[in-house]
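What follows is a set of notes on a single structure, which appears directly below.
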Amino acid sequence: MATSALDRAAPGSRPARTRSRAKEPIITARGLTKMYGTFTAVDRLNLDVYPGEIFGLLGPNGAGKTTTILMMLGLSEPTSGEVRVAGLDPTRRPLDVKRRVGYLPDDAGFYPTLTGRQNLRYTARLNSLARGTAEDRISTVLAQVGLADRADDRVETYSRGMRQRLGIADALVKDPDILILDEPTVAIDPIGVAEMLDLMRRLVQGRGIALLLASHLLDQVQSVCDRVGIFSAGRLINVGSVDELARRYGGDRSEILVGVEAAPRTDAAAIGARLASQPGVVAVEPRPMSGDGDLNWALTLDPKASESETRAAVLRAILADGLLLTRLTRTSPSLDQIYRTAVEGHLATKGRVEVRSTEPGTGTQTSGGRRPRSVGRRASRRGPSARKGERR
Amino acid sequence: MTARRLTRPTWLDRVSDFSTQAGRGWRTVAAKELADHVLSRRFLVLLAILGLAALATVYFSSQLIRDAATQASGSPALFLRLFTVTGDQFPFPFFGLVSFVLPLVGIAFGFDAINGERSLGTLPRLLAQPIHRDDVINGKFAAGLLVIGLILASVTALVAAFGLLRLGITPGAGDVARMIAWVVLSIVYVGLWLAFAMLCSVAILRAATAALVAFGVWLALSLFFNLVASLLAGALAPAAGTAPDALVANARLEQQLTELSPITLYQEATVALLNPSVRTVGVVLPQQADRAIPSTLSIDQSLLVVWPQAVALVALTVLCFAVAYVIFMRQEVRA
Ligand SMILES: Nc1ncnc2c1ncn2[C@@H]1O[C@H](COP(=O)(O)OP(=O)(O)O)[C@@H](O)[C@H]1O
Ligand SMILES: [Mg+2]
């Protein structure tokens, strides 16, 4: 399978991690599959997460991230394949697994009439922590997530972001070897996110825990992840460090950004057409940017053409038209773009494969009809509770 | 889907868990629930309503008993009549009040046990801790039953103390034993409704719907069940003029049908426990009644009479639990 080959190839490329990678993986999944009826939520997943690393499980809503996590915790049973956490089968030994894994569920809730500290105390007691140790740990983790001064207020007075911080504290109370955070940054403000990611970094470095982070907010988490796995429609389509993925997906596709000053008589369409006619330009797309009144375009370049020649041609064309150039830069692909390229590529091939592999009559049905329906169902089911969460 | 296994661990796993954690999960859940209950509004409301209603019933009962004291003196178990006597102004004896209220109390304490956690979003977090899923159900059941039991026992004690002061008779050991047996029976009965409400809270995702369903079942059982039973028996009734044996069999059938309802079971058992002269529950033939020596039963004889009812109530509770477990085990954590 392509993913596992890539996974194995990865260690050599980042010497900084070879030490931690020499260890045994603490989470492994082999051919892990979850079906809901005929719908495949997670499809033959192979994955290794090592102690001392932050692994980002990235993918859009409904990709199967949460389902994967639930199977790792023994909260949902795999349809086939296997998963091992700390060497244990979560289906057979759920308690031993849960003792070692701190988990922040997606949209975690708390008992609203209890204080933050009381909520954590309950978790500590469920984990059979001794009273003294528990109180110490609760104070420590509350301080770590920046809730020390609100710890004795009722949770119903917390904002959503504060509840999310409390959720991270809750996952840390049991002093876990493995931390699994599902969408940990969704409701936290940008500065808070930076703090959270910093905290995660310190936890991983200080204690050598393994951190698995599921998120659809790629740009937020890309800076903190040692490796990411890109998830789409139940399949892990790629694994590697962000740099590796950038090279893999951005290497054959470069983009330059061109901006000209907008004068009263400039004809945007005509300039666009002129840019498109330059040698080496494959596509032109207007890209409005906030903050300036300029006209901007993103030009996708033919990978086979020379980039400097194309740039020179664009420059000449602009000058010849008597326009004022304000921008001519190369953009490196962000994780967002990598991700979009990867997912689009994956969905396209998947559609083709399915049409080919099924009977002529049913092919279109399988590739088209199934996904949107269940996505919609899921969305409507989550609706009320999400709204409720806002109110609290 | 092939080889469907439940997420439930084998007994071997559970034994190993027990040795490491000594099965503390359910106790932790119960302790938290207990604290929640005692501070909750529904607890205070229940305590206030039950306490006041109990005092009112016992006031009227003791009044009646005092008025009739001259004829009643010497009648067996006079003290227990405090719980059972009815009058014109007040048709509700204490036990009637309790048998009416208990199902509602059980429902009130259980209808949102699991779906409440679900809608708060605390269920995934709770189940990600090292406890079994059934620890959650067991802990909540234990806490609810303990709270209700305590309330019931204290209200009964209050009633007894009040009666003691107003009537000036001390209950005999037999009377006290009967009272205790009745409280235990009532706790079993409320446990059944609590278990049923928790089953609804597992199976029905919205707490309001679960409460409505549980309440509807109670209403149907208390209003229509006997009616349906007699209609059914009536439909199967033999033609007039048939052998008396057939008539007796039909009457028995009707009684057995009504005994499918926990409400009937509890009421029959209550009557037998609180009234020592009740020798049997069910159909009594004239010749049996003729031959019966008018006497009272001892407490252990009465216990024998109510034993089948008590066992049936426990069996129904266990059934509710079993169904709730199976559904809960198969459920997705998020919903
Ligand atoms: N209980 C369920 N029944 C049917 N489909 C489900 C159920 N839970 C999740 N799904 C489907 O599985 C897919 C993966 O969901 P999820 O793992 O929550 O995605 P993510 O966490 O990546 O957003 C979604 O398409 C969702 O609709
Ligand atoms: Mg999710």
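Tabulated values for the structure
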item: Residue check, B:Phe100 crowded, with 22+ Cβ neighbours inside 10 Å and either under 18 Å from the mean Cα position of the chain (by Cα) or over 19 Å from B:Arg41 (Cα atoms) (or both); result: no
item: Selected residue (criterion: surrounded by the fewest Cβ atoms within 10 Å (Cβ to Cβ)) from residues of region A:280-310 that are of a type in the set (S, T, N, Q) and in a helix (DSSP H, G or I); result: A:Ser308
item: Qualifying positions in region A:147-167 - open to solvent by less than 50 Å² (accessible area, probe 1.4 Å) and within 18 Å of A:His216 (Cβ to Cβ); result: A:Gly161, A:Gln164, A:Gly167
item: Single residue of A:Glu183, A:Glu195, A:Glu255 found to be open to solvent by 20 Å² or more (accessible area, probe 1.4 Å) and touching a residue at least 12 places away in the same chain (Cβ under 8 Å); result: A:Glu195
item: Residue match in region A:228-238 (condition: within 14 Å of chain B (Cβ to nearest Cβ), within 16 Å of ligand 2 (Cβ to nearest atom) and within 14 Å of the chain's Cα centre (by Cα)); result: no
item: Residue that is farthest from the chain's Cα centre (by Cα) [pool: residues in region A:201-224 that are within 16 Å of ligand 1 (Cβ to nearest atom) and modelled with pLDDT of 90 or more]; result: A:Leu212
item: Condition met for A:Asp177 (among the acidic types (Asp, Glu), within 14 Å of another protein chain (Cβ to nearest Cβ), open to solvent by 10 Å² or more (accessible area, probe 1.4 Å) and under 29 Å from A:Gly87 (Cβ atoms)); result: yes
item: Criterion (out of contact with any Phe, Trp or Tyr (no Cβ under 6 Å at 6 or more places or on another chain), under 22 Å from A:Thr68 (Cα atoms), surrounded by fewer than 23 Cβ atoms within 10 Å (Cβ to Cβ) and among the hydrophobic types (A, V, I, L, M, F, W, C)) met by exactly one of A:Val228, A:Val204; result: A:Val204
item: Test for A:Leu114: is it open to solvent by less than 40 Å² (accessible area, probe 1.4 Å) and at the interface with chain B (Cβ under 9 Å from one of its Cβ atoms); result: yes
item: Pick from region B:37-65, criterion within 14 Å of another protein chain (Cβ to nearest Cβ), in contact (Cβ under 8 Å) with a residue 40 or more places away in the chain and not basic (Lys, Arg), ranking: surrounded by the fewest Cβ atoms within 10 Å (Cβ to Cβ); result: B:Val38
item: Residue list for region A:77-101, filter: within 10 Å of another protein chain (Cβ to nearest Cβ), under 25 Å from the mean Cα position of the chain (by Cα) and surrounded by fewer than 22 Cβ atoms within 10 Å (Cβ to Cβ); result: A:Glu77, A:Thr79, A:Ser80, A:Arg100
item: In region A:131-146, residue surrounded by the most Cβ atoms within 10 Å (Cβ to Cβ) [restricted to those that are on the phi < 0 side of the Ramachandran plot and within 26 Å of the chain's Cα centre (by Cα)]; result: A:Val141
item: Residues of region A:30-57 that turn out to be assigned to a strand (DSSP E or B) and in contact with a Lys or Arg (Cβ under 8 Å, 6 or more places away or on another chain), as a count; result: 15
item: Residues of region A:174-188 satisfying the condition of being away from ligand 2 (no atom under 13 Å from the Cβ) and of a type in the set (A, V, I, L, M, F, W, C); result: A:Ile178, A:Leu179, A:Ala187, A:Ile188
item: Test: residue in region A:267-290 that is closer than 30 Å to A:Arg201 by Cα, among the β-branched types (Val, Ile, Thr) and in contact with a strand residue (DSSP E or B) (Cβ under 7 Å, 6 or more places away or on another chain); result: no
item: Pick from region B:310-335, criterion buried (at least 19 other Cβ atoms within 10 Å of the Cβ) and not in a helix (DSSP H, G or I), ranking: nearest to the other protein chains (Cβ to nearest Cβ); result: B:Val333
item: Output for region A:33-57, where each listed residue is within 13 Å of chain B (Cβ to nearest Cβ) and more than 12 Å from ligand 2 (Cβ to nearest atom); result: A:Thr33, A:Lys34, A:Met35, A:Tyr36, A:Gly37, A:Thr38, A:Phe39, A:Thr40
item: Single match in A:Leu257, A:Leu212 (criterion: within 16 Å of ligand 2 (Cβ to nearest atom) and not in a loop (DSSP other than H, G, I, E, B)); result: A:Leu212
item: A:Asp106 charged (D, E, K, R) and more than 14 Å from chain B (Cβ to nearest Cβ); result: no
item: Single residue of region A:58-76 satisfying the filter (facing chain B (nearest Cβ under 10 Å) and within 6 Å of ligand 1 (Cβ to nearest atom)) that is most open to solvent (accessible area, probe 1.4 Å); result: A:Thr66
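Okay, residues lined up against (1) open to solvent by less than 20 Å² (accessible area, probe 1.4 Å); (2) among the small types (Gly, Ala, Ser); (3) assigned to a helix (DSSP H, G or I):
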{"site": "B:Ser119", "(1), (2), (3)": "no, yes, yes"}
{"site": "B:Asp135", "(1), (2), (3)": "yes, no, yes"}
{"site": "B:Leu145", "(1), (2), (3)": "no, no, yes"}
{"site": "B:Ala153", "(1), (2), (3)": "no, yes, yes"}
{"site": "B:Phe162", "(1), (2), (3)": "no, no, yes"}
{"site": "B:Arg166", "(1), (2), (3)": "no, no, yes"}
{"site": "B:Pro171", "(1), (2), (3)": "no, no, no"}
{"site": "B:Arg178", "(1), (2), (3)": "yes, no, yes"}
{"site": "B:Val184", "(1), (2), (3)": "no, no, yes"}
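The values are calculated or read from the model by the stated rules, or taken from the named source; none is laboratory data. The shown structure was predicted, so the numbers you read here are calculated from the model rather than taken from an experiment. Virtual Cβ from ideal backbone geometry, glycine too; neighbours counted across all protein chains shown. Areas reflect the complete protein model, heavy atoms only, side chains present, ligands, DNA and RNA absent. Shrake-Rupley method; radii C 1.70, N 1.55, O 1.52, S 1.80 Å.
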